[in-house]
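The values are calculated or read from the model by the stated rules, or taken from the named source; none is laboratory data. Because the structure is predicted, anything quoted here is derived from the model rather than measured. Cβ placement follows ideal geometry from the backbone for every residue including glycine, while neighbour counts extend to all protein chains displayed. For accessibility, only protein heavy atoms count, side chains too; no ligands or nucleic acids. Shrake-Rupley method; radii C 1.70, N 1.55, O 1.52, S 1.80 Å.
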Amino acid sequence: MNKKFAWRKLNISALLAMVLVITLCLPMQVNARGLIDTTQPGDMTLQYTSYEAENSDKIIPITGVKVSIYKVADISPNGEFKLWNTYANIGNFPVTDINKINDQKIWKQIASVIGGFIYQNNIWPSASITTDNEGNAHFSGIDMGLYYVGPVVKNANDCIYSFDPFMISVPGLDENDEWVNPVNVLVAKVKCKITMLPKEVSYEVLKVWNDAGYESARPSSITVTLYCDGAKYKTVTLSAANNWRYSWKYMEGHSWTVSEQVTGRYTVSLEQGGNTFRITNTYNPPETPPETPETPGTPDTPSETPGLPSLPEVLGAVRDNLPAVLGARRLPQTGQLWWPLPVLVIVGILLIVRGIRKSREN
């Protein structure tokens, strides 16, 4: 006999937005805050709880589930993040500078992209903790920085409890916009009520191309990997043959992430609306170098540098000892000729010799 099952997944987008506002650094405000002592160890507690029933105020802790965190960026004393090289080179990263994000939807996209990259490359977590009897996952002695928190799913009390992944910083920001360490965050409260067995729901991943005029650069197919609750579920191929989309069904109440193998000169953005994942590939044409104006032509250079005219050996010393400024080694200025100079020197010497002889004869 089938056991009755209970399930309901709270839409926690608003709660995550609240978490991000409290914990993430908004760079346009860092000048008003004190500096961070990045040498101190970080401390963070994440609490996972649920309601006993939809209309009940009784809180049930989500115990015995593993929570994994992955450090993706360092944080400077003034609160600016610097992505690790492992993540800075992700081809489908949705922004070029994480310190200029002012939209919480972008943080959700970043969590989805980083999560897919982590699962695709089997990256080991920075730390993993099992929630205690109060539903707390306490991380102590961790590095300061920006972290990706993986999805959490638990089957208990005839319910499936599902918590989406998100980004969080250590230290965080309190209600006074000041840095705080340790960081204590209530991740979400998942409500649950008695229902029938969880049903199958439909999911879809859709590829959209933003490459008008460059369709010839588009690959004939792409590979997308689907991850369910952080574990690889399936790898699918999208192409024109299947209209660049893939649909599948799965039991409700699970966290899904998709990741694409990026090729060519494309950047990728990912949006999730309900159970549909929309992947947009935008083509980045190569930069065209600016046209260089033609430089005026230079006159042909003689194959041999003109030298001094042939002189009698007795005058060699005169030629060899010419100052460099007068010699052929120095380029003359425009309109200046150097070759007559040695001739004039020779003529001058001959005239001096002749004058001396005439003086002796007289």
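For the stretch 229-255, the candidate set comprises residues that are touching a Pro at 6+ places or on another chain (Cβ under 9 Å) and not charged (D, E, K, R); within that set, the residue that is farthest from Leu270 (Cα to Cα) is Met251. When every residue of the stretch 108-126 is checked against the conditions, at least one turns out to be among the hydroxyl-bearing types (Ser, Thr, Tyr) and either in a loop (DSSP other than H, G, I, E, B) or more than 27 Å from Asp74 (Cβ to Cβ) (or both). Remark: pairs (first residue in the stretch 186-213, open to solvent by less than 40 Å² (accessible area, probe 1.4 Å) and in a strand (DSSP E or B); second residue at pLDDT below 85 and not hydrophobic (A, V, I, L, M, F, W, C); Cβ separation under 8 Å; 6+ apart in sequence or on different chains) = Val190/Arg8; Val190/Lys9; Val190/Ser50; Val190/Tyr51; Val190/Tyr161; Val190/Ser162; Val201/Glu252. Residue under question is Ile69, and the condition is that it be modelled with pLDDT of 95 or more, buried (at least 21 other Cβ atoms within 10 Å of the Cβ) and hydrophobic (A, V, I, L, M, F, W, C); does it hold? When the stated conditions are applied, Ile69 passes them.
Report yes if some residue within the stretch 262-280 is under 25 Å from Val65 (Cβ atoms) and of a type in the set (Ser, Thr, Tyr); otherwise report no. Taking every residue of the stretch 262-280 in turn, none turns out to be under 25 Å from Val65 (Cβ atoms) and of a type in the set (Ser, Thr, Tyr).
Among the residues of the stretch 127-159, what is the count of those that are in contact with a helix residue (DSSP H, G or I) (Cβ under 9 Å, 6 or more places away or on another chain) and under 21 Å from Gly79 (Cβ atoms)? Final tally of qualifying residues: 3. The residues of the stretch 98-144 that are among the basic types (Lys, Arg) and over 20 Å from Val185 (Cα atoms) amount to a single one, Lys100. Note on the stretch 234-271: residues that are buried (at least 19 other Cβ atoms within 10 Å of the Cβ) and part of a strand (DSSP E or B) total 10.
In the stretch 220-233, how many are surrounded by 13 or more Cβ atoms within 10 Å (Cβ to Cβ) and not in a strand (DSSP E or B)? Summing the residues that are surrounded by 13 or more Cβ atoms within 10 Å (Cβ to Cβ) and not in a strand (DSSP E or B) in the stretch 220-233 gives 2.
Taking the stretch 73-89 as the range and being of a type in the set (S, T, N, Q) and within 19 Å of Pro125 (Cβ to Cβ) as the test, the residues that pass are Asn85, Thr86.
The number of residues in the stretch 107-140 being more than 27 Å from the chain's Cα centre (by Cα) and either hydroxyl-bearing (Ser, Thr, Tyr) or open to solvent by less than 80 Å² (accessible area, probe 1.4 Å) (or both) comes to 8. Count of the stretch 93-106 residues, restricted to those that are at pLDDT below 85, loosely packed, with under 14 Cβ neighbours inside 10 Å and not hydroxyl-bearing (Ser, Thr, Tyr), is 3.
Scanning the stretch 119-140 for residues that are within 30 Å of Glu260 (Cα to Cα) and of a type in the set (Val, Ile, Thr) gives Ile123, Ile129. Would you call Leu20 within 26 Å of the chain's Cα centre (by Cα), more than 30 Å from Trp209 (Cα to Cα), modelled with pLDDT under 90 and crowded, with 20+ Cβ neighbours inside 10 Å? Against the criterion (within 26 Å of the chain's Cα centre (by Cα), more than 30 Å from Trp209 (Cα to Cα), modelled with pLDDT under 90 and crowded, with 20+ Cβ neighbours inside 10 Å), Leu20 qualifies. Listed conditions (1) under 24 Å from the mean Cα position of the chain (by Cα); (2) among the basic types (Lys, Arg); (3) closer than 28 Å to Lys199 by Cβ are all met by Lys249, apart from (1).
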